[in-house]
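Colleague: Submitted below is the structure of interest, expressed as structure tokens.
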């Protein structure tokens, strides 16, 4: 597919990444991983000796008479280290000087990938001038990420063949130290004039320095950089964690603050004075919490011997921005991984084929060839014996992708152990990579969630204070708002902080009868691609996060990821595995992912199959008038995507698998964001979009967003006062609360009605009110959801219900919200409701009461005769009896589904209407136009034909009729009137469904039932 850059479109979706600095300080965490002489491998004259100055009384020793790697540590397993974490590698070494001022090099050291055959950390030599005679010192080799493979790594110390200057080399330890940033807390700042430290509930340490604006431009906050923590061989990025104070949330404009990086040693600027303003990319968005601003454009070389200060200076714009608060400064190495990019990769590098549970059962192998050549690729065991031939003498070039399923050439699953992919050409071995076969996890099956209509909101967790008293007060006030707005659930993004923050959140939610959807520290847990390689490490990471909260009564679900925006199968599988592991650890709470955009939703949901499909369809696009929901955002990449077809597409995704019971929930637009092409909807539009979502099949509703944040106007304003959006949501949820039993009972089916009136008056986009049809499978009653597209005016809507498509008689129509009886007129071909009044943007659910006095004879799918590969009795949760007949369309099809009815069930001489309930699955749902833009598929050709045949007279009571594929909504049941006739009491008659030879457009035809209704 041709991809078009959408960086501007997705500004709003990058919120989590943009505020990563708030919570994920990169200070070193965890203890040193120490390798002592007990784990050394010695060669030649290397050996262990007693040394009372060594940390454990012993050390490795070698004579400096060669350049050999005589002291080494060999390791493949780094599972004890934090996955994805960078580690600094240090060697604790001392040397024996022969003379007072020895010359030359003392020793060399590095890290070698013994599988791949290249350095992980290049070999470095240490001059004798940097050593002291028989004094232990830690020497840094470099920084690497241990868990990028299970290749065999060699940590080595080598001699320099310089015994005349340094006779012996001693090695005490090899140390893998968690890599961390240099963090300057506000308590270390130098404050001048009016700047002071102040308590700040949203600061990570509850304290921040305040810079008050005004005339003068004084450097009132200065953060000194500790040069002893810097290195000559690195470059750095500097990030400030700040909170901006605005006089007016909406209108404050202009300069905000200034910053400079000053070298006091040379009296020069490394970062010249720079003023951040509302026009600056870094500060044009608005956050009430602290967030990170990177102050340097290019990586900085900082001299450890110099004195530096990061200084903040006031700007003369206090009337707009009275102050800013600075929590900390973080100085980060620009490159925190010295691992070179290797030309062969295996992912995952740990596989568990033994349990065949679709969790890392196989490894994808990718390698790159510079020119066409004959290639062989094989799997060998630890002894070098052949296990599996993957490629034998194939001509390959460029990037090659293979896979290994953990089986040998006899197709048997191999034992646990270390295996190696070996890629060779005529000249010999090109690449090698290890793959480890392990015992996989034993996963529990999750419990299906109870039917539940979500009434909730999206909630910014970054605004939850850190201090306990402030936090509890904030949560009490917020959850009181949610309760008063008739909500039963809240989805919390960026839920990060100390353990007490999670328990306080859940405790306070329980007090207000609110359920919580969230995942603690989701960013650091699931944005770590290394975890995709090791299911055990992924399990441990998730278990550590959720075990403290999984039994809390207020917990409803875990939201693992907000809006995955890629078509990367590795990422999709990581999220799938995380979902399965989460629901295994806690089978009572489902794991959700919030999906966005049609192509990403189809791809990721197809892989992850969450138990609820949670999506973000937004309909009020910038540049389009009120009530015009014809575009999903105003962006050229999505110019083919209309809002209502997008809703149908999302609903269809849960129906493609006929056994899938997952409901579809929507995050409803109650905000605007001009950078991403979203217009702030008026209240009537929010109402219309809500009922459109109900009508098109959604069962849960979360409004974005509760707080006013970024450029989003929330339900409460920047001071947490309830605003107009609060009232809109409160009213809608009051209605939805009443409608919950109805919404849960409705199964969307093909539309059986049309409307006149209620069209959008601001454009020609929607000429009439929207109408959709639903069925209660338990009672047979049907429903219409009608939505006034005129979001500015009251409208009178006439509704015409096609009796042939309805497939039943009705006795009454009621408004499901008010229970008011709706008058209607009966015509031979339709039921008609005349001039039903609707408020601007309003929606109604109309219940069509089935006439239970009708004589009906039903033939379910089990009663049908199957031919041509068709099959019946397939579980289908949307079918009337839970079962369906299906024919996957082939190249040549016939009368593959037939009903030979029981004549004794029919009244002799009576006239009957004969109906079939049929649906089809499109061959494709989404494709791309010539410009690479996604578009929904409209199939061409025919779907099937149908009719009745009299085998006795070899005639047709009425002719075969054909159904165009485009007339069938994808995966929705259509009631089709085959015809009206007097069935014979003597002749052999039967009805048939004949799938068209059109497999390029129609994948399958399904039949729920056929039935007679006596006239």
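Colleague: Just to verify a result, which residue in the range 101-127, among those that are touching a residue at least 24 places away in the same chain (Cβ under 8 Å), more than 50 Å from the chain's Cα centre (by Cα) and not in a strand (DSSP E or B), is nearest to residue 147 (Cα to Cα)?
Modeller: Once the filter is applied, the top-ranked residue is 104.
Colleague: Which number in (1) closer than 22 Å to residue 491 by Cα; (2) not in a strand (DSSP E or B) marks the one condition that residue 606 misses?
Modeller: (1)
Colleague: Would you say residue 317 is farther than 30 Å from residue 233 by Cβ, modelled with pLDDT of 95 or more and in a loop (DSSP other than H, G, I, E, B)?
Modeller: yes
Colleague: I'd like to check something: does the range 950-960 contain any residue that is part of a strand (DSSP E or B) and touching a helix residue (DSSP H, G or I) at 6+ places or on another chain (Cβ under 8 Å)?
Modeller: So in the range 950-960, the residues part of a strand (DSSP E or B) come out as 950, 955-960.
Still in the list and also touching a helix residue (DSSP H, G or I) at 6+ places or on another chain (Cβ under 8 Å): none.
No: zero hits.
Colleague: Please give the number of the condition residue 437 fails out of (1) surrounded by 20 or more Cβ atoms within 10 Å (Cβ to Cβ); (2) in contact with a helix residue (DSSP H, G or I) (Cβ under 8 Å, 6 or more places away or on another chain); (3) more than 19 Å from residue 533 (Cα to Cα).
Modeller: (3)
Colleague: OK, next. Just the residues that are more than 29 Å from residue 746 (Cα to Cα) and in contact with a strand residue (DSSP E or B) (Cβ under 6 Å, 6 or more places away or on another chain), please, taken from the range 871-897. I'd like the intermediate steps shown before the answer.
Modeller: To start, the set of residues in the range 871-897 that are more than 29 Å from residue 746 (Cα to Cα) comprises 889-896.
Within the range 871-897, 889, 893, 895, 896 meet the criteria.
Colleague: Then there's this: Looking only at the range 348-370, which residues are at pLDDT below 95 and either assigned to a strand (DSSP E or B) or not assigned by TED's automatic domain parsing to the domain that holds residue 417 (or both)?
Modeller: The one that is at pLDDT below 95 and either assigned to a strand (DSSP E or B) or not assigned by TED's automatic domain parsing to the domain that holds residue 417 (or both): 370.
To keep it simple, each residue is scored yes or no on (1) assigned to a loop (DSSP other than H, G, I, E, B); (2) under 11 Å from the mean Cα position of the chain (by Cα).
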residue: 559; (1), (2): no, yes
residue: 564; (1), (2): yes, yes
residue: 602; (1), (2): no, no
residue: 618; (1), (2): yes, no
residue: 624; (1), (2): yes, no
residue: 628; (1), (2): yes, no
residue: 633; (1), (2): yes, no
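Colleague: Among the candidates 543, 573, which residue alone is assigned to a helix (DSSP H, G or I) and closer than 23 Å to residue 606 by Cα? Show your work before the answer.
Modeller: Working: 543 fails: closer than 23 Å to residue 606 by Cα.
On inspection, the qualifying residue turns out to be 573.
Colleague: So if I check each of 813, 845, 756, which one is outside the structural domain of residue 623 (by TED's automatic domain parsing), farther than 27 Å from residue 641 by Cα, touching a strand residue (DSSP E or B) at 6+ places or on another chain (Cβ under 6 Å) and surrounded by 16 or more Cβ atoms within 10 Å (Cβ to Cβ)? Steps first, answer last, please.
Modeller: Working: 845 fails: farther than 27 Å from residue 641 by Cα; 756 fails: farther than 27 Å from residue 641 by Cα.
Residue meeting the stated conditions: 813.
Colleague: Right, something else. Check off (1) in a loop (DSSP other than H, G, I, E, B); (2) touching a helix residue (DSSP H, G or I) at 6+ places or on another chain (Cβ under 7 Å) for residue 657 and give me the number that stays unchecked.
Modeller: (2)
Colleague: Report the residue count in the range 129-169 for those that are over 23 Å from residue 55 (Cα atoms) and modelled with pLDDT of 95 or more.
Modeller: Our first condition is that a residue be over 23 Å from residue 55 (Cα atoms); within the range 129-169, this holds for 129, 143-153, 160-165.
Pick out the ones that are also modelled with pLDDT of 95 or more and you get 129, 150-153, 160-165.
The total comes to 11.
Colleague: For the range 986-1009, enumerate the residues that are more than 26 Å from residue 903 (Cα to Cα) and not in a strand (DSSP E or B).
Modeller: The answer is 996, 997, 998, 999, 1000, 1001.
Colleague: Any residue in the range 386-414 that's farther than 18 Å from residue 363 by Cα: show its pairings with residues that are exposed (fewer than 11 other Cβ atoms within 10 Å of the Cβ) at Cβ separation under 9 Å, as long as the two are six or more apart or on different chains.
Modeller: Qualifying pairs under 9 Å: 395/372; 396/372; 397/370; 397/371; 397/372; 398/370; 398/372.
Colleague: If you don't mind, another one. Is there a residue being part of a loop (DSSP other than H, G, I, E, B), over 28 Å from residue 527 (Cβ atoms) and modelled with pLDDT under 95 anywhere in the range 50-60? So that I can check it myself, show each step before the final result.
Modeller: Applying the first criterion (part of a loop (DSSP other than H, G, I, E, B)) to the range 50-60 yields 51-57.
Going one step further and asking which of them are over 28 Å from residue 527 (Cβ atoms), we end up with 51-57.
Of the ones still in play, those that are also modelled with pLDDT under 95 are none.
Looking through the range 50-60, none of the residues is part of a loop (DSSP other than H, G, I, E, B), over 28 Å from residue 527 (Cβ atoms) and modelled with pLDDT under 95.
The values are calculated or read from the model by the stated rules, or taken from the named source; none is laboratory data. For clarity, every value in this text was computed on a predicted model and none was experimentally measured. Note that each Cβ is placed from the backbone with ideal geometry, even for glycine, and that neighbours are counted across all protein chains shown.
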